[in-house]
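Engineer: This is the structure I want to talk about, given as structure tokens.
The values are calculated or read from the model by the stated rules, or taken from the named source; none is laboratory data. Computed from a prediction, not measured in an experiment: that's the story for all the values here. Cβ: placed from backbone, ideal geometry, glycine included. Neighbour counts: every protein chain shown.
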Amino acid sequence: MTSRTTVAVAASTGACALALGVTAPAIAAPDQAQDQAMVSVFHGIPGMTVDVYANGDELIGDFKPGTVTDPQSLDAGTYDIQVFEAGQGPEGKPALEKQVKVPEGGNATVAAHLSAGGKPELTAFTNDVSKVDAGKARLTVRHVAAAPAVDVRAGGQPVFTGLTNPDEGTAAVDAGTVNADVVLAGTDTVAIGPADLGLKEGTSNVLYAWGSADDKNLALATQTFSGMESRPNAVHAGGSGAAVTPNSPDQWLAWAAAAGAVTLTGVLLARQVSGRRG
């Protein structure tokens, strides 16, 4: 069982320091109450359907690999997150366990995934949902696979280089369609892709490279946040997630529409975690 670690997944508007070493800006949406935070969960452990518990109550049941939940509003506080193989909780031994601190005004994704060496672990990432310039989109790539360092290329040119698990890279890019692939760092050996990636203006697109290189099941999943246009009165519209299998012909364009997204209703979250926050 992974040791408990308190992870700061977001901070007040500005930079956020994660105990796991991941740093990114946390910007509250205009319509988000400052005593709330937006939280999503990504399941990136191949071959294991899981149940996710928060403070002893089931949060997500029968959670399939490659799935990312829609972001949901949670009260700020500390949550004891436990991940069990499906049907084994809450009395059994969790496969993963971590205390996650959710400060006010943040937007975070908690990822259950494999380490570079293939061991299950939990990593908290902060999602940058700040505005982007007109004509631009934000692209973030997170390496959460049991695989060596990778480069991410667009149009054959590296955008992110030497990305290692569990690090991420972020860049503002021109909105539109780009041809992209993931290669082993410093080589032309393609691990995933190539395919066309559609990036809409004013969106923040988070790509998760997950799975295992040894088991030959590397794949990609995406989480998309909208409403970051640099226009007056733009409204944050939330996000969505989808799973993608590697090397399918239309994989990059199909991410937003792929099946498997799990939605956590605000009523369910409030009922399950109320009264148990630290």
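Engineer: Collect the residues in the stretch 104-123 that are farther than 18 Å from residue 47 by Cβ and within 10 Å of the chain's Cα centre (by Cα), keeping them in residue-number order.
Structural biologist: 108, 109, 110, 123
Conditions tested, residue by residue: (1) closer than 30 Å to residue 216 by Cα; (2) surrounded by 22 or more Cβ atoms within 10 Å (Cβ to Cβ); (3) out of contact with any strand residue (DSSP E or B) (no Cβ under 7 Å at 6 or more places or on another chain).
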| residue | (1), (2), (3) |
| --- | --- |
| 43 | yes, yes, no |
| 60 | yes, no, no |
| 78 | no, no, no |
| 81 | yes, yes, no |
| 90 | no, no, no |
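Okay, residues lined up against (1) of a type in the set (Gly, Ala, Ser); (2) over 22 Å from residue 205 (Cβ atoms):
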{"position": "66", "(1), (2)": "yes, no"}
{"position": "71", "(1), (2)": "no, no"}
{"position": "84", "(1), (2)": "no, yes"}
{"position": "103", "(1), (2)": "no, yes"}
{"position": "111", "(1), (2)": "yes, no"}
{"position": "136", "(1), (2)": "no, no"}
{"position": "156", "(1), (2)": "yes, no"}
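Engineer: Out of curiosity, is residue 62 modelled with pLDDT of 90 or more, under 18 Å from the mean Cα position of the chain (by Cα) and not in a loop (DSSP other than H, G, I, E, B)?
Structural biologist: no
Engineer: For the stretch 157-165, check the following and say yes or no: at least one residue is under 20 Å from residue 225 (Cβ atoms) and either in contact with a helix residue (DSSP H, G or I) (Cβ under 7 Å, 6 or more places away or on another chain) or surrounded by fewer than 21 Cβ atoms within 10 Å (Cβ to Cβ) (or both).
Structural biologist: The answer is yes, given that some residue of the stretch 157-165 is under 20 Å from residue 225 (Cβ atoms) and either in contact with a helix residue (DSSP H, G or I) (Cβ under 7 Å, 6 or more places away or on another chain) or surrounded by fewer than 21 Cβ atoms within 10 Å (Cβ to Cβ) (or both).
Engineer: If you don't mind, there's one more thing I want to ask. Cβ-Cβ below 9 Å, separation at least six or inter-chain, first residue in the stretch 79-96 and more than 12 Å from residue 122 (Cβ to Cβ), second of a type in the set (Lys, Arg): which pairs?
Structural biologist: 84/93
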